[in-house]
Amino acid sequence: MAKKVGVYICKGCGIGEALDVDALAKVASKEYKAPVVKTCDVLCAPEGIELIKQDLAGEGVNLVVIAGCSARVNYDHFDFGPEILVERVNLREQVVWTQPPDDEDTQMMAEDYMRMTLAKTKNLELPEPFIGENLSKAILVVGGGLAGMTAALEAANAGHQVILVEKESALGGWLNKVYKIAPLAAPFTELQDPDVEARVQAINDNPRIKVYTGATIASTAGAPGMFDVTINTAGGEVTERVGAIVLATGARPYDPEKLGHLGYGQFADVITQAQLEELVKAEGKVVRPSSKEEAVKVAFIQCAGSRDPEHLPYCSAACCVESIKQALYVKEQNPEAAVYVFYKDIRSSGQYEHFYKQAQMQGVVFVKADVESIEEGEGGKLAVNAQDLMMGAPTLLDEVDVVVLANGMVPSTLVDENLPPEEQTRILNLKYRQGPELPTLKYGFPDSHFICFPYETRRTGIYAAGSVRRPMDMLQAVEDATGAALKAIQCVEMTARGMAVHPRSGDLSFPEFMMSRCTQCKRCTEECPFGAINEDEKANPLPNPTRCRRCGTCMGACPERIISFKNYSVPMIGNMVKAIEVPEEDEEKPRVLIFACENDAIPALDMAGINRLNYSKWVRIIPVRCLGSLNLVWVNDAMSKGIDGVLLLGCKHGDDYQCHFMKGSELAGIRLSKVSETLDRLGLESERVQMEEVSIMDYDKIPGIIERFIEKIEEFGPNPMKGF
Amino acid sequence: MADNNVSSAPIKYDHNFAQEFFSTENGRLAQKCMQCGMCAVSCATKDLMDHSPRRLFNLVRAGKKDEVLGSNTMWMCTSCCTCKVRCPRGIPLVDVMHDLKNMAIAQNYVSYPQAAFYQAFWQEVLNRGRAFEGGVMARYYLKRGWGEIKKAFEMKDLGMSMLKHGRLPMVPPRKIKGLKELQQIIEKAQALQRKEAK
Ligand code: SF4
Ligand code: SF4
Ligand code: SF4
Ligand code: SF4
């Protein structure tokens, strides 16, 4: 494509008063020979847009450079359709709102940003979407419990074909195992029938849903839009092509054998919540398991195994509501029965506060206590010894018929690492180079960006919902399943248009590999946080563009620099670095380059501008898709150019990471540790390159972070490479 | 927080008293208490109470009948309603306190002067249809005995001054018209209360 650049400089929002706009225009027209350079009072106003549109039509401009506000605003005004490339020079938030007006250094900064953007446009190309072959918009739901059935119905009702796979011989999952369920609707006070038949009927009546029961997934190959899923069924193997997958395989109770300290295994009348359900289903009422007499005094022990560093460190989230429900079974059959619930905290979240109150009003006694032991008392009945935390005293509940342990849950994705690989639980059996199951973060729950993209696992197009994702109650599972179904729909629809899903939703670019120069080093396949790149026998990378989230981590990882996007590449950013004018040493104007992640650091920098916080005039900022896309050659470029320091601003990493690409900032940190080598080779202090974590809320800390870094750099003195 | 019991033996939970109290008209609503402590921090007379309202409800739950009915908490309650308006569970604490007072009186748990005063006042209203200060005083002293009369003498200056200003009538007022009906109304109300409690 022959590019014709049009540069449009806005004078609004204080830009015109603070900068010499004509001088800026000259940088574009004289230094960079931009054929069309115009200024405008208010570029986002109809006149401004019209001005640009006239040039698109009349002058054949097809690459529009907007010098004005941040790329994070007004992008809809400056969208001229898929054929026109748009680049933005952030004069407003990054220059005039953070720097003194009418100042030589402020002007230099603005001119540098103009140069950097125009340098980038040299290699810029229009992204052409990747459209896979034989795309499917069908959605596979794995797990036929409440969450799975909900997801299947929601997706089908939205018009998508659904394939529902359940390993048991009938749909229903946990619902089949319970006597009643906690209310799913207002007023949230009454026990509800699990109503499995009606739910299953709705599935069977829906012509868009195909159900396989007694079936498991033998393998999942392919990528979003093109998953080929082989299903083991009673009638043999079948293969289905689907576009996205909802994983709703739920959780299983925590192993009660590990709760011997609470009398489990020792006393027949100490049982788990699941066992109580079984018992009530069989007997029609709550009885003592040992004698089958009707129970008149029942104790529930909450957090049995949960919130306990020795067992499950987390809250299982549903057991409070389950115990409230089961306490009501007892009260329903005999209002005079004595029911005690020993708890740490009652976590009946959301509307279940009403349910909790209902149980209290029915006379269930809730005791905030640490249970110390369960013993056998007179007549074979049980005694619960506890430290009542509200009384501040040891207490005793004796003559108890049944003790029920709220033993919490573990996700079905939890793999027992002690078992040999062939015996470990496998659900999806992914044919991915990076392993057969979803990566987990902690406790066996699939990893996802917990705050921003809770459903999206680290395998694009595979969405976890319900208690496999995190511990939750049924009401939340229904909501979760609905959300995941929506995400799966978004995925198949976006994939059909060649667009990325979250977080760069709508992005049409994707990584391209110049394979002739690949050395099969495997860096890209290993580092891609989303398992997007497979490998052939010769270790050649096999990219799957629809699995890709366009973070650029592979591009940053590749030592041969053969991976690039049409609108984001190593040379493009390298050119930006090289376009910065570095003053001679005797001018005493240091230069610090900031690579800032577009997800949090750039918004924080913008917010610093919006709040008119002043920061150092020596910085030049380059936005990157993710710090993971940082290629070390840029640091090299900067250093050999004479830039005095490089600061990386990215998201928090670690267990409670905020990185939008999950591993990006962590990988950047690892790469950075290797940069010292390079710097040593150049005879430079390795601390000239540093990384800082910033979140979007940290905008007020930005000036301080920059200031401290610059002070440090000034201690080292100017980069000796200046002027070479 | 740790001074509810004196012995080191564990407190045994007793379901019977909890059930008994939770079947009174307003005591029923105290079942909803979630031990947040809002009432305790709101109450102006809490420092004079044996147990804060929150702790009292916890003692009910544990079944500590003697501690609950013998405590001064409900007698120290001034019915200011602060706790009632602040309780996140909407428990009408003032009314619960009334039920507790009734229960304590009915089961002979009290020797607090406030209890005698309550009873004297009620008797007076029941017999006359209106309160006569002299009558309330007489009934109160009869209940409380000689020690209390001695105390009354110490307050004679105040009494004289009130007399002079016509604040303390010497002669009992007439019974109200329709006293019978009033008594019937009260009886009916009490019957309703008993029914509510069921
Ligand atoms: S839901 Fe309740 S019982 Fe379960 S772990 Fe959380 S606090 Fe404990
Ligand atoms: S590292 Fe990022 S850009 Fe590269 S293939 Fe993986 S998801 Fe795509
Ligand atoms: S404010 Fe209400 S809920 Fe809280 S402790 Fe007092 S009575 Fe209980
Ligand atoms: S109504 Fe009684 S218990 Fe409640 S705050 Fe007032 S004095 Fe305290």
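Mean sequence separation of contacting Cα pairs (under 8 Å, at least six apart), scaled by the length of chain A, corresponds to a relative contact order of 12 percent. Its residues counted as N, segment A:133-203 yields a C-alpha radius of gyration over 2.2 N^0.38 Å of 1.27. Placing a pseudo-label 7 Å from each Cα along the Cα-to-Cβ vector at A:LYS522 and B:LEU142 gives an inter-label distance of 10.2 nm. Histogrammed with a bin width of 5 Å, the alpha carbon distances of segment A:82-205 distribute as 2, 9, 11, 10, 8, 6, 5, 4, 5, 7, 8, 10, 7, 4, 2, 0 percent, first bin at zero.
Accessible surface for segment A:177-281, divided over its residues, is 43 Å² per residue with a 1.4 Å probe.
When the charge dipole of segment A:16-90 is built from unit charges on Cβ atoms (+1 for Lys and Arg, -1 for Asp and Glu) and taken about the Cα centre, the candidate among A:GLY81, A:ALA28, A:ASN62 whose Cα reaches farthest toward its positive end is A:ALA28. Computed over the alpha-carbon atoms, segment A:421-525 gives an Rg to Rh ratio of 1.03, Rh here being the Kirkwood radius from the mean inverse distance.
Computed about its Cα centre, the charge dipole of chain A is approximately 1880 debye, with only Lys, Arg, Asp and Glu carrying charge at their Cβ.
Solvent-accessible area of segment A:1-128 (1.4 angstrom probe, protein heavy atoms only): carbon and sulfur portion equals 50 percent.
The mean number of partner chain beta-carbon atoms within 10 angstrom of a residue's beta-carbon across peptide B:20-32 is 2. Remark: segment B:34-177 is approximated by an ellipsoid whose semi-axes, taken from the C-alpha gyration tensor as √(5λ), come to 33, 17, 16 Å, largest first.
On a 0 to 90° scale, report how tilted helix A:632-641 is relative to the longest principal axis of chain A, with both axes built from alpha carbons and the result rounded to the nearest 10. Value to nearest ten degrees: 30.
The charge dipole of segment B:21-103, taken about its Cα centre with unit charges on the Cβ of Lys, Arg, Asp and Glu (plus for the first two, minus for the last two), comes to roughly 300 debye. By the rule of a C-alpha distance below 16 Å, with chain neighbours fewer than 8 residues away ignored, the aspartates and glutamates paired with A:LYS33 are A:ASP22, A:GLU59, A:GLU111, A:ASP112. For chain A, the calculated P(r), taken from all Cα-Cα distances in 10 Å bins from zero up to the bin holding the longest distance, is 3, 13, 20, 19, 16, 13, 9, 5, 1, 0 percent. Net charge around A:LEU593, counting only other residues with Cβ within less than 13 Å of its Cβ (Lys, Arg = +1; Asp, Glu = -1)? Around A:LEU593, the charge tally is +1. Beta bridges assigned by DSSP with both partners in the protein assembly as shown are antiparallel in approximately 35 percent of cases.
What are the GluC sites (Glu not before Pro) within segment A:343-445 that DSSP puts in a loop, where the Cβ has at most 10 other Cβ atoms within 10 Å? The qualifying sites are A:GLU417. What percentage of the solvent-accessible surface of segment B:71-146, computed with a 1.4 Å probe over protein heavy atoms, is contributed by carbon and sulfur atoms? With neighbouring chains kept in place, the figure for segment B:71-146 is 58 percent. Dividing the summed -39500 (n - 2.57) terms of all DSSP H runs of n ≥ 4 by the residue count of chain A sets its mean residue ellipticity at 222 nm at -8500 deg cm²/dmol. Heavy atoms of chains B and A lose about 2300 Å² of accessible surface on contact, summed over both sides with a 1.4 Å probe. Roughly speaking, what is the centre-to-centre gap between segment A:1-63 and segment B:154-198 when only Cα atoms are used, to the nearest Å? Centre-to-centre (Cα) distance: 91 Å. Surface exposure of chain B, expressed per residue as accessible area with a 1.4 Å probe, stands at 59 Å².
Charged side chains reduced to their Cβ positions (Lys and Arg at +1, Asp and Glu at -1) give chain B a dipole of some 600 debye around its Cα centre. If R0 is 35 Å, the Cβ-Cβ spacing of A:PHE716 and A:ILE451 corresponds to a FRET efficiency of close to 0.40. Excluding same-chain neighbours fewer than eight residues apart, the lysines reachable from B:LYS177 by a Cα-Cα span under 26 Å are B:LYS188.
Placing R0 at 45 angstrom, the Cβ-Cβ distance between B:SER111 and A:ASN176 gives a FRET efficiency of 0.15 after rounding to 0.05.
The order of the peptides A:167-174, A:122-129 by mean Cβ neighbours within 10 Å, most packed first, is A:167-174, A:122-129. State which entries of A:LYS285/A:LYS344; A:LYS210/A:LYS325; A:LYS177/A:LYS368; A:LYS325/A:LYS663; A:LYS674/A:LYS722; A:LYS120/A:LYS722 exceed 31 angstrom in Cα-Cα distance in the structure shown. As for pairs spanning more than 31 Å Cα to Cα, those are A:LYS210/A:LYS325; A:LYS325/A:LYS663.
When the charge dipole of chain A is built from unit charges on Cβ atoms (+1 for Lys and Arg, -1 for Asp and Glu) and taken about the Cα centre, the candidate among A:LEU430, A:ASN534, A:ALA18 whose Cα reaches farthest toward its positive end is A:ASN534. Give a quick list of trypsin sites (Lys or Arg not before Pro) in segment A:436-494 that DSSP marks as loop, anything other than H, G, I, E or B, with at most 15 other Cβ atoms within 10 Å. Answer in residue order: A:LYS442.
The order of the peptides B:38-44, A:534-540 by mean Cβ neighbours within 10 Å, most packed first, is B:38-44, A:534-540. Straight Cα distances below 18 angstrom link B:LYS156 to the aspartates and glutamates B:GLU133, B:GLU148, with same-chain residues fewer than 8 positions distant left out. When only alpha carbons are used to place a centre, segment B:62-76 and segment A:122-184 end up 58 Å from one another. Here the accessible area of segment A:516-606 is 40 percent carbon and sulfur, with a 1.4 angstrom probe and all protein chains present. Here the spin labels are modelled as points 7 Å beyond Cα on the Cα-Cβ line, and at A:LYS30 and A:LYS442 they lie 5.9 nm apart. Within the listed set B:MET103, B:MET34, B:MET155, the Gaussian network model of chain B (springs between alpha-carbon atoms below 10 Å) gives the highest mean-square fluctuation for B:MET155. With contributions of -39500 (n - 2.57) from each DSSP H run of at least four residues, the per-residue ellipticity at 222 nm computed over chain B stands at -17000 deg cm²/dmol.
The values are calculated or read from the model by the stated rules, or taken from the named source; none is laboratory data. Keep in mind the model is a prediction, meaning the values are calculated, not measured. Here Cβ is always computed from backbone atoms with ideal geometry, including for glycine, and neighbour counts include all displayed protein chains. Accessible surface areas use protein heavy atoms only, side chains included; no ligands, DNA or RNA. Shrake-Rupley method; radii C 1.70, N 1.55, O 1.52, S 1.80 Å.
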